[in-house]
Amino acid sequence: MQTFSVALGPASHPVHVGDALLDGLGELSRAAGIRPGPVALVTDSNVARHYSARAASALEKGGFVPKLMVVPAGEASKSSAVLQDLYDHMIGAEIDRGGSILALGGGVVGDLGGFAAASYLRGIAVVQVPTTLVAQVDSSLGGKTGINHPRAKNLIGAFHQPSAIIADVGTLITLPEREFREGLAEAIKYGAIMDAAMLADLERDLDHILARDLGILEALVAKSLRLKAAVVTADEREAGLRKILNFGHTIGHALEASAGYGTYLHGEAVAIGMAAAATLSEKFGGLSTDEGSRLVRLLQRAGLPTEMPPKFRTPDFTAALRLDKKRLESGIEFVLLQRLGKAVTRRLDFEQIVAVFTN
Ligand SMILES: NC(=O)c1ccc[n+]([C@@H]2O[C@H](COP(=O)([O-])OP(=O)(O)OC[C@H]3O[C@@H](n4cnc5c(N)ncnc54)[C@H](O)[C@@H]3O)[C@@H](O)[C@H]2O)c1
Ligand SMILES: [Zn+2]
């Protein structure tokens, strides 16, 4: 097991990464200061099948009374209707101000459970127990929580730091292949923007990672979370540095929106976005073509798409880019690579972006 602390003053909290940590949930939660007693154990229908019994008995061993709530698997559970059900469940379970939520699942359960914890009784403790690679390398850390609005994703939300993050890499064994590879896109992102040595490790270890070697996955998840923690502690509310985490996401989000949600998984769209950003980086950021190719090759070896589909090389797509929330009036603040392991932000005009992708 690897353990480290995310240093955020009074919101500082531990991160544990290792195999079979589910069996220590009670103990680790107690050690993080969670009061024994009723705890809302929130999970989704897929994760429940595999892990809710184990999680519940580990909580009981630690002196907790787990009150299980299973939401339907899928993005649709980040809704006000499901949130309302969750509040009802917590009131029924007599969760009070000293009570807590344990969010066991992927980013959907983490965002939903985290937001319920942020808002219920003006805020109670949440322990994040991520079970997808996306959640283990990314969404469980940083304190962003929320639900979707019919008009837009993640429109309703709050910053609410967890009391602990407990990432059991053993749970990744049951994750479907496509969701697993999607998570690799976010891990590769950290290497690309912050750590050339991590990128080299990924190149060396990728076959073992794809075979889900738990020792290597533990190292990968811990490294990713340490890098994200370094960014988040420097910039908790996304005022500056945290923007580099959006590498590949400007084009990725536009692709997700114009292709229709569901065509690409988020990580797949981000992979295409990172490949496109590599091309832009070669033109405007200082990245060498060799380095750009290395990044694209790694994404491809991870089974991720890297080609911008021809139907997006159109004015419609650039319109979608304009709607991105990081837009500035006549251009976009774009995250580029100066070299592998070093991100910079540059303001690019739409014309400069369009010229690269519509020919
Ligand atoms: N808060 C943040 O900073 C942040 C960052 C990135 C993404 N997100 C959010 O995260 C969500 C996506 O998260 P996700 O990709 O984890 O999706 P998800 O939570 O929907 O999980 C993906 C699928 O895997 C299943 N699953 C989860 N763990 C499993 C396991 N161990 N074994 C078998 N199946 C398992 C789930 O039931 C689901 O069907 C989005 O809503 C996104 O907005 C939030
Ligand atoms: Zn992402």
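Every number here is computed from the coordinates shown, using simple stated rules; none is lab data. Here the structure is a predicted model, which is why all the values come from computation and not from measurement. Here Cβ is always computed from backbone atoms with ideal geometry, including for glycine, and neighbour counts include all displayed protein chains.
Remarks
- Taking segment 177-357 and dividing mean pair separation by its residue count, relative contact order in percent (alpha carbons under 8 Å, at least six apart): 28
- Remark: relative contact order (the chain) = 14 percent; criterion is Cα-Cα distance under 8 angstrom and separation of 6 or more residues.
- Considering only alpha-carbon pairs that sit under 8 angstrom and 6 or more positions apart, the relative contact order computed for segment 2-174 is 26 percent.
- Assigned charges on the beta-carbon of Lys, Arg, Asp, Glu; segment 157-257 dipole about Cα centre (debye): 300
- Helix 214-234 vs. the chain, principal-axis angle (Cα, 0 to 90°, nearest 10): 80
- Distant-in-sequence amide H partners of Asp195 (H built 1.01 Å from N, under 5 Å): Gly341
- Translational diffusion coefficient (Stokes-Einstein; Kirkwood radius from C-alpha pairs) of the chain at 25 °C, 0.890 mPa s, in µm²/s: 119
- In terms of surrounding Cβ atoms within a 10 Å radius of their Cβ, Ser293, Ser140 rank from fewest to most as Ser293, Ser140.
- Rounded to the nearest 20 debye, the dipole magnitude of the chain is 600 debye, with +1 charges on Lys and Arg beta carbons, -1 on Asp and Glu beta carbons, and the Cα centre as origin.
- Just checking the listed ones, His16, His149, His89: in the Gaussian network model of the chain with Cα springs under 10 Å, the one fluctuating most is His149.
- Beta bridges from DSSP with both residues in the chain: antiparallel share about 45 percent, rounded to the nearest 5.
- Net charge over other residues, Cβ less than 12 angstrom from the Cβ of Ala211 (K, R count +1; D, E count -1): -3
- Label-to-label distance, nm, for residues given as Phe350 and Tyr87 (7 Å Cα→Cβ offset): 4.0
- Basic side chains Lys and Arg get +1 at the Cβ, acidic Asp and Glu get -1 at the Cβ, and with that the dipole of segment 177-357 about its Cα centre reaches some 320 debye.
- Likely footprinting exposure, Glu177, Glu60, fewest C-beta neighbours within 10 Å first: Glu177, Glu60
- When shorter helices are ignored and each DSSP H run of at least 4 residues is given -39500 (n - 2.57), the per-residue value for the chain at 222 nm works out to -13500 deg cm²/dmol.
- Computed from Cα atoms, the angle from the helix 177-194 axis to the main principal axis of the chain rounds to 70 degrees.
- Label zone of Ala158 (point 7 Å out along Cα→Cβ, amide N under 17 Å): in segment 74-110 this covers 79-91, 95-103, 110.
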